[in-house]
Amino acid sequence: MLLCVGIPEQGSEKDEAVAVGVDLGISVPAVCALNNGAARAYIGGSNLLKRFAMQKKQRSRQREFIPSNSQHGRQKVDQAIFKMQDKERRFVHSFNHKISKKIIQFAKKYKAAVIRMEDLSGYDASQTILRNWSYYELQQMIEYKAKREGIRVEKLKAQYTSQACSQCGHIAKENRKTQAQFQCTNCGFESNADYNAALNIARGGVKIPKDMAQKGLEESDE
Ligand SMILES: [Zn+2]
């Protein structure tokens, strides 16, 4: 699913004033925002979640049926599980290709000179949020595909991007009403929570007030 709002322009030249922010999440795999707020895209849909939940169930069901006294039966089930895991890996790989392609298409459509994402390089390459769902691989794909199109990629320190209001800058845990909904306790701005985060990322990250930085306020951005 690629939902776009705004007026597309022709040509492949870049506008230095335009940046795309990408927020990677679970409910929607990737949310894109333009720094000027003129367009957004929700990429990936929720089929991914459903698919993984289903596969997990299948796996545990298969394990249940292992005859406890049968070495051969266990081997057969292990083989079946291995085959399924391999299939999942291939699915995720092609899914990441599709998502990264759509992100680049979005950036090109609005002539963005830069794509901004949160820096996940400190994470283990094998780390997954959902099983086999690798953000790390997705980021790598976005990077090389952007490079191919002459679009710069900037990685930001992930700080308060989901707690800060993209309109007034107010930072509070309470701004995040639910996993999906953002509502600023200061200015009242309401938005999809992932879009608000993507907008913060598109604008180069959250500016942390001096007094807050000094206090070393505890951060619980996911
Ligand atoms: Zn606000």
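The values are calculated or read from the model by the stated rules, or taken from the named source; none is laboratory data. Since this is a predicted model, take the numbers as computed values, not measurements. Heads up, the Cβs are rebuilt from the backbone with ideal geometry, glycines too, and the neighbour counts pull from every protein chain shown. Accessible surface is based on the protein model in full, side chains and every heavy atom, while ligands, DNA and RNA are left aside. Shrake-Rupley method; radii C 1.70, N 1.55, O 1.52, S 1.80 Å.
Among the strands (runs of 3 or more DSSP E) confined wholly to region 133-196, which include 1 or more residues that are under 19 Å from I26 (Cβ atoms) and open to solvent by less than 60 Å² (accessible area, probe 1.4 Å)? Fully inside region 133-196 and qualifying: 181-183, 190-192. Return yes or no: is I81 at pLDDT below 95, touching a Gly at 6+ places or on another chain (Cβ under 6 Å) and either aliphatic (A, V, I, L, M) or surrounded by fewer than 14 Cβ atoms within 10 Å (Cβ to Cβ) (or both)? The answer is no for I81.
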